[in-house]
Amino acid sequence: MYERNPYEMALEQLNKCAKIMNLDPNAHEILKYPKRVLCVYIPVRMDNGTIKVFKGFRSQHNDALGPFKGGVRYHPNVTMEEVMALSMWMTWKCSVVGLPYGGGKGGVICNPKEMSIGEIERLSRGYFYAISRIIGPEIDIPAGDVNTSSREMAWFMDEYSKWKGYNVPGAVTGKPVNIGGSEGRTESTGLGVAIVGREAAKKLNIDLKNAKVVVQGFGNVGYYSAYFMEKLGCKIVGISDSRGGIYNRYGLSVDAVLEFKKKTGSVVNYPGAEVVSNEELLERECDILIPAALENQITEKNANRIKAKLILEGANGPTTPEADDILHKKGVMVVPDILANAGGVSVSYFEWVQNLQGYYWSKEEVFDKLDKLLVKAFNRVYETYCNYNVDMRMAAYICAISRVVDAMKTRGWI
Ligand code: GLU
């Protein structure tokens, strides 16, 4: 299957927005590239006694607004260009919600599903040590992403703290709560998807009490998006994971599907649901579609067959620019990744603030602050969407890029 190179996609989105907003060519030139990309080779002792070297990256796109911020993914298909694209998207994401951060991203080429916990721990510590020189609470703050969770963040934080010689909780976010993680960080990306979904539904007159939702991906983001959409009254009719999908037009119980996945390793064959492929699931009957897996899922090949009226991008980069045009013409609203999944980095920001001040908030406080932050960002983007008569992605880009460019101007970079 031909897949768009994510960095080319990110550049195309930037160029498209530059035209619409008449972006200063000097700012445009700077924003096309990451400020720095570090490539590291990490020797790891495997359980059978041999050493295997893994390749990893950390891309730091822009820090005009504050330190770089963004997750680290473990996946066999990671490439340097993908990590560069993801770091650019993080710059826009942090900016659109008004965080004092720039964009960064990391990735390691590996398949954690075929590694033991011990091997994953040694790889995690090796990777973090290798990038430690360009990391820190005031420099660049990694977090979780695809196939990394609070477990890996604990190892990252521990490795960094050992290297420094004292505890540095603010160097990593998404940590377990007992070592400085924030209440609510685990749920936050999915909760954020549901919050912007709720706001978008109001604008589109979608009644959430009767809305049918399909969720592609059942990792942290997919599960919590489904969970919170169900709490808002929606019927979750389709769910998938990397092995395939299930569909039942009368609705699935999100927690029962999770239990089933925990037992069998996949959602596929969940009793009482039809088995469908991941591709098919995207085209099934629903009101709201939440791609919460990987890039390149909605393309010019399937965009026309999508039935949803509203797409909430739980994943980063699931929709290609060609598909964006098709969907916009069809009247489908796409709430872009940089806004729809910004709940995660927002609570990461809250975690970092709590670490720096050493004073911790309750889950209610965190969720309340998140709701306010995302509603404000959504409304700002929606207003721009109405004023410029563009799609929601371009509206979010206009808001995000303007804030970064203003900071670059104030600092005298351009
Ligand atoms: N990996 C997440 C994202 O793509 C979270 C990043 C963070 O919390 O820094 O937004």
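Of note:
- Hits among aspartates and glutamates - C-alpha to C-alpha of Lys16 under 15 Å, sequence gap 8 or more where chains match: Glu8, Asp24, Glu29, Glu322, Asp324, Asp325, Asp391
- Segment Ile139..Ala256, full-extension length gain: 37.9 nm, with 0.36 nm per residue of separation and the alpha-carbon distance subtracted.
- Dipole magnitude (debye, nearest 20) for the chain, charges at Cβ of Lys, Arg, Asp, Glu: 320
- Charged neighbours of Gly118, selected by a Cβ distance under 14 Å, balance to 0 (K, R count +1; D, E count -1).
- Proximal charge balance of Ser402 [Cβ under 14 Å; K/R count +1, D/E count -1]: 0
- The loop-placed trypsin sites (Lys or Arg not before Pro) in the stretch 122-190, going by DSSP, include none that has at most 13 neighbouring Cβ atoms within 10 Å of its Cβ.
- Separation in nanometres of the label points that stand 7 Å from Cα toward Cβ, at Arg45 and Lys209: 6.2
- Separation in nanometres of the label points that stand 7 Å from Cα toward Cβ, at Ile179 and Glu383: 4.3
- DSSP bridge pairs, the chain: antiparallel proportion in percent, nearest 5: 50
- Site pair Lys329 and Asn304 shows an inter-label distance of 0.9 nm when each label is modelled 7 Å from Cα along Cα→Cβ.
- Hydrodynamic radius of the stretch 300-351 by the Kirkwood approach over all distinct alpha-carbon pairs: 11.8 Å.
- Surrounding net charge for Cys234, when Lys and Arg each add one and Asp and Glu each subtract one, Cβ distance under 11 Å: +2
- The stretch 116-139 and the stretch 1-65: distance between their alpha carbon centers, rounded to Å: 19
- Neighbour count of at most 11 Cβ within 10 Å plus DSSP loop: longest chymotrypsin sites (Phe, Trp or Tyr not before Pro)-free window in the chain: 3-165
- Among the GluC sites (Glu not before Pro) within the stretch 91-187, those in coil by DSSP and having at most 15 neighbouring Cβ atoms inside 10 Å are Glu138.
- Annotation for the stretch 250-315: GluC sites (Glu not before Pro) lying in DSSP loop with at most 16 further Cβ atoms inside 10 Å of their Cβ are Glu285, Glu300.
- Euclidean distance of C-alpha centroids, the stretch 166-184 and the stretch 311-371, integer Å: 20
Every read-out reported here was derived from the displayed coordinates using simple, explicitly stated rules and does not represent laboratory data. Worth saying up front: this structure is predicted, and the values here are computed from it rather than measured. Glycine gets a Cβ as well: all are built from the backbone with ideal geometry, and neighbour counts include every protein chain shown.
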